[in-house]
Amino acid sequence: MQLENVLYEVQDGIATVTVNRPKVLNALNAQMLADLRQAFEAAKSEIPVRVVILTGAGEKSFVAGADIGEIKALENYEAAKAFADTGQGLLNLIEQLGKPVIAAVNGFALGGGCEISMACHIRLASENAKFGQPEVALGVIPGYGGTQRLCRLVGKARAVQLCLTGEMIDAAEAKRIGLVNQVYPQGELLGAAKEMAKTIMSKGPLAIRYALAAVLRGAELTLADGLQLEGDMFAAACDTEDRIEGTTAFLEKRKPDFKAK
Ligand code: CO8
């Protein structure tokens, strides 16, 4: 697939989506959002794709935010609302892809960059990565879900601090507060993301789908409703040939051969 600002590559069941405007630290402009939508729609519909990795081109930046020139040019309230809706729509597509998405955060993840990483299900970061929601310094606020997903990931107090001070935090601090799952030296980041993808792909494919859906949907429910959902998803996972194969393989001390059935 040829896209202007995004590289899309599929290998061994892993789709790697690379935002590719390194001269402006991979800032998200309208073209980039359209390209990302096309890439993620392909990853969603292509059956061989089991896991997606999202990363940035170059060694300095994952995504340094929405393109500030485009924010400056917004004419009025309606244009700004449409701008936020487009970005939020893309991030919802990523979060609800139905397949695990790993963000390999290889540098700055600021503003829309931090927001897009938070729509991914797992965040791995390089040691030089920096996270932040600096929008208030520009006289705006996060508009691609930053105020909502950050709060859900790190809690209200830390989300308020990051959104109000606009301060950047490094990868170690991001890991400490639960924004990042794991931190790696820059040269090892993509390899680590691929290893994690392979680990996920070695498990029951339907079980992966149900587990992801149960966590994501359950997080928006009361505990009682979430447990109900989990019970339904557990039963659905049991109602598969993969459950017979997985449990039989364990008891026969061999590797399972899952068929996603
Ligand atoms: N937009 C456009 N251009 C950018 C952006 C950006 N977000 N970030 C960096 N660039 C450009 C710079 O202008 C520069 O271009 P040039 O070489 O032509 O001067 C080039 O990238 C390299 O950047 P720097 O020279 O600044 O590199 P430094 O290493 O000195 O600094 C920083 C790196 C700290 C990352 C710095 O570039 C920076 O602060 N960037 C802006 C970060 C930011 O504020 N991001 C948030 C943007 S707002 C946002 O994301 C809102 C999302 C939701 C929108 C919803 C609205 C409705």
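Every read-out reported here was derived from the displayed coordinates using simple, explicitly stated rules and does not represent laboratory data. Everything quoted here is computed from the prediction, not taken from an experiment. Every residue, glycine among them, receives a Cβ derived from its backbone with ideal geometry; neighbour counts consider all protein chains shown.
The GNM of the chain, with springs linking C-alpha atoms under 10 angstrom apart, assigns the highest mean-square fluctuation among 64, 211, 171 to 211. All C-alpha pair distances within the range 103-219, sorted into 10 Å bins from zero, spread as 14, 42, 32, 11, 1 percent across the bins.
By the helix-only formula, in which each DSSP H run with n ≥ 4 contributes -39500 (n - 2.57) and the sum is divided by residues, the chain has a 222 nm mean residue ellipticity of -15000 deg cm²/dmol. Stokes-Einstein D for the range 15-101 at 4 °C, 1.567 mPa s, Kirkwood Rh over Cα pairs, in µm²/s? D, rounded to a whole number, is 94 µm²/s. Annotation for residue 30 and residue 9: the two label points, set 7 Å from Cα along the Cα-Cβ direction, are 3.1 nm apart. Computed over the alpha carbons of the range 205-251, Rg followed by Dmax gives 11.9, 36 Å. Of the residues 32, 233, 201, the one that moves most in a GNM of the chain with alpha-carbon contacts below 10 Å is 233. Counting 0.36 nm for each residue step from residue 228 to residue 186 and taking away their Cα separation leaves a gain of 11.0 nm.
Would you mind calculating the relative contact order of the chain from Cα pairs under 8 angstrom and at least 6 residues apart, reporting the percent as a whole number? About 14 percent, as a whole number.
Using R₀ = 30 Å, calculate the FRET efficiency as 1/(1 + (r/R₀)^6) where r is the Cβ-Cβ separation of residue 78 and residue 152; round to 0.05. FRET efficiency, residue 78 to residue 152: 0.60.
When only the Cβ of Lys, Arg, Asp and Glu is charged (+1, +1, -1, -1), the dipole of the chain relative to its Cα centre reaches about 500 debye.
Computed on the chain, the Cα convex hull volume stands at 139 Å³ per residue.
If R0 is taken as 41 Å, the Cβ-Cβ distance between residue 136 and residue 250 corresponds to a FRET efficiency of 0.20.
The range 220-256 and the range 101-159 have Cα centres lying 32 Å from one another.
Note on the range 6-201: antiparallel DSSP beta bridges, both residues inside, total approximately 25 percent of the bridges counted.
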